[in-house]
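Read through the structure below, which is laid out as structure tokens, and then see the notes.
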Amino acid sequence: MKFFDTVLFVAIVGLVMIGCGSSEEPVKEVKKTPEPAKEVATPSFNADSSYGYIEHQLSFGPRVPGTDAQKKCAEWMEQSLMQSCDTVYRQEVSVTAGNGKSLPCINLIGVINPSAVNRILLLTHWDSRPWADEDDKDVDKPILAADDGGSGTAVLLELARQIKSFGLPSSVGVDLLFTDVEDYGKTEWGDDSYCLGTQYWATHPHVTGYRAAYGILLDMVGGKGAQFPMEAGSMRMAGEVQKKVWDAAGRAGCSSWFPYAPGSEITDDHVPVNKLTGIKTIDIIHLTPDPMNPFPRHWHTHDDNMSVIDKQTLNAVGLTLLRVVYEEGSAVQ
């Protein structure tokens, strides 16, 4: 999926400091009590529907750039978004991989309440990794990517469907960004070999001068026993957004999935969004407590199939995002 920077954890009287690369700034301890918020009405989240969206993606096969599965899945996603969003944009371009290969890239953007100035960017990648480089068999074959790509896509598709049915205050808009060619990178090609679709969108947004109040990235958000600690890069680049989301998770009754605990720093789609657009964006991603091996066992293996998906995890992430969106709508009315 993506390269992770080695992180050094030093515990000093309850203060956790995370160093990454050349960064030497300590990460401040996070207040662990969610701030209260007035009650807002939110839609339910249908985890069965979200689970079905993952199954449908996998029915096309691995969604690797340049394959029929990529084309067919993009068409299906676009049609789904047209049923739930006010406007749908399709960016179909060529990007250059770290090995110099030209790859077809299809980014999709679903827009809800396009006239609202106050906007929330929700994003995920939808492509499959073309290699199972963390497996001990069939290393050169692509993976189905049920969790690593499929789960975030499914949560956002279901989120859009629920918002369409329930309605959204006109004071807030939501942009759903599905990026392609995220997982074609390799460590030896450098960090910039990852997230190619997001890099393209960040420099060629679907709307000229696009701005959002903040962004939330989903990556590996459907696994059994998943935990979403506070990814260190998100804390450093957009700590106030991260706390907003984790507090909302608590109010949504999903705090057991969203611990106020530090997580490793990950090179993921939120990095180019922060660096290239200035939109403060965080990563919700399944991480383990081991800073030297932070990803779950199915990461970049053929075990990343429907057997690792848990409806309760999908539900926790969906409810949290709905809480964030509708609290935002309530706050600015």
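Return yes when M1 is in contact with a Leu (Cβ under 9 Å, 6 or more places away or on another chain) and at pLDDT below 95 and no when it is not.
So M1 does not fit the description; no.
Of all residues in segment 69-124, how many are among the polar types (S, T, N, Q) and within 20 Å of A202 (Cβ to Cβ)?
Residues meeting the conditions: 7.
Can you tell me which residues in segment 60-90 are part of a strand (DSSP E or B), of a type outside the set (S, T, Y) and surrounded by fewer than 19 Cβ atoms within 10 Å (Cβ to Cβ)?
Passing the criteria: only R90.
Counting only residues that are out of contact with any strand residue (DSSP E or B) (no Cβ under 7 Å at 6 or more places or on another chain), surrounded by fewer than 24 Cβ atoms within 10 Å (Cβ to Cβ) and among the β-branched types (V, I, T), which one in segment 103-145 is nearest to G173 (Cα to Cα)?
It comes out as V117.
Residue by residue, here is whether (1) under 23 Å from V88 (Cα atoms); (2) among the aliphatic types (A, V, I, L, M) holds:
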{"site": "Y200", "(1), (2)": "yes, no"}
{"site": "P205", "(1), (2)": "yes, no"}
{"site": "F228", "(1), (2)": "no, no"}
{"site": "A232", "(1), (2)": "no, yes"}
{"site": "R251", "(1), (2)": "no, no"}
{"site": "H286", "(1), (2)": "no, no"}
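Name every residue in segment 178-211 that is among the small types (G, A, S) and either surrounded by fewer than 20 Cβ atoms within 10 Å (Cβ to Cβ) or under 17 Å from R129 (Cβ atoms) (or both), in order of residue number.
Passing the criteria: G185, G190, S193, G197, G209.
Given the conditions (1) free of Cβ contacts under 8 Å to residues at least 12 places away in the same chain; (2) in contact with a Leu (Cβ under 7 Å, 6 or more places away or on another chain), report the number of the one that T208 does not fulfil.
The single condition T208 does not satisfy is (2).
Test each condition in (1) touching a Ser or Thr at 6+ places or on another chain (Cβ under 6 Å); (2) in a helix (DSSP H, G or I) for P294 and report the one that comes out false.
Just one mismatch for P294, condition (2).
Name the residues in segment 259-291 that are among the small types (G, A, S) and in a loop (DSSP other than H, G, I, E, B), would you?
A261, S264, G278
With respect to the numbered conditions (1) farther than 22 Å from P62 by Cβ; (2) touching a helix residue (DSSP H, G or I) at 6+ places or on another chain (Cβ under 7 Å); (3) in a loop (DSSP other than H, G, I, E, B), which one is the sole condition not fulfilled by S170?
(2)
Residues checked against (1) in contact with a helix residue (DSSP H, G or I) (Cβ under 8 Å, 6 or more places away or on another chain); (2) part of a helix (DSSP H, G or I); (3) under 24 Å from I285 (Cβ atoms):
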site	(1), (2), (3)
V111	no, no, no
P130	no, no, yes
A160	yes, yes, yes
P205	yes, no, yes
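Can you find a residue in segment 19-30 that is surrounded by 15 or more Cβ atoms within 10 Å (Cβ to Cβ), modelled with pLDDT of 95 or more and of a type outside the set (V, I, T)?
Within segment 19-30 (the criterion being surrounded by 15 or more Cβ atoms within 10 Å (Cβ to Cβ), modelled with pLDDT of 95 or more and of a type outside the set (V, I, T)), the answer is no, since none of the residues qualifies.
Filter segment 146-157 down to the residues that are small (G, A, S) and closer than 15 Å to A316 by Cα, then identify the one that is surrounded by the fewest Cβ atoms within 10 Å (Cβ to Cβ).
G152
Looking at K137, K164, which is the one that is over 24 Å from K224 (Cβ atoms) and either out of contact with any Gly (no Cβ under 9 Å at 6 or more places or on another chain) or outside any loop (DSSP other than H, G, I, E, B) (or both)?
K164
For a quick check of your reading of the model, give me the residue pairs whose first member lies in segment 228-256 and is touching a residue at least 24 places away in the same chain (Cβ under 8 Å) and in a helix (DSSP H, G or I), whose second is among the hydroxyl-bearing types (S, T, Y) and buried (at least 24 other Cβ atoms within 10 Å of the Cβ), with beta-carbon atoms closer than 7 Å and at least 6 apart or on different chains.
Cβ pairs passing all conditions: A232/S264; A238/T281; Q242/S234; V245/T320; A248/T320; A249/T320.
Those residues that are touching a Cys at 6+ places or on another chain (Cβ under 7 Å) and free of Cβ contacts under 8 Å to residues at least 24 places away in the same chain, I need them from segment 87-128; list them, please.
Matches in segment 87-128: S94 only.
Collect the residues in segment 158-171 that are more than 23 Å from S49 (Cβ to Cβ) and either in contact (Cβ under 8 Å) with a residue 60 or more places away in the chain or surrounded by 23 or more Cβ atoms within 10 Å (Cβ to Cβ) (or both), keeping them in residue-number order.
P169, S171
Quick check on my filter: what residues within segment 301-314 are assigned to a helix (DSSP H, G or I), of a type outside the set (A, V, I, L, M) and buried (at least 24 other Cβ atoms within 10 Å of the Cβ)?
The one that is assigned to a helix (DSSP H, G or I), of a type outside the set (A, V, I, L, M) and buried (at least 24 other Cβ atoms within 10 Å of the Cβ): T313.
The values are calculated or read from the model by the stated rules, or taken from the named source; none is laboratory data. Because the structure is predicted, anything quoted here is derived from the model rather than measured. Glycine gets a Cβ as well: all are built from the backbone with ideal geometry, and neighbour counts include every protein chain shown.
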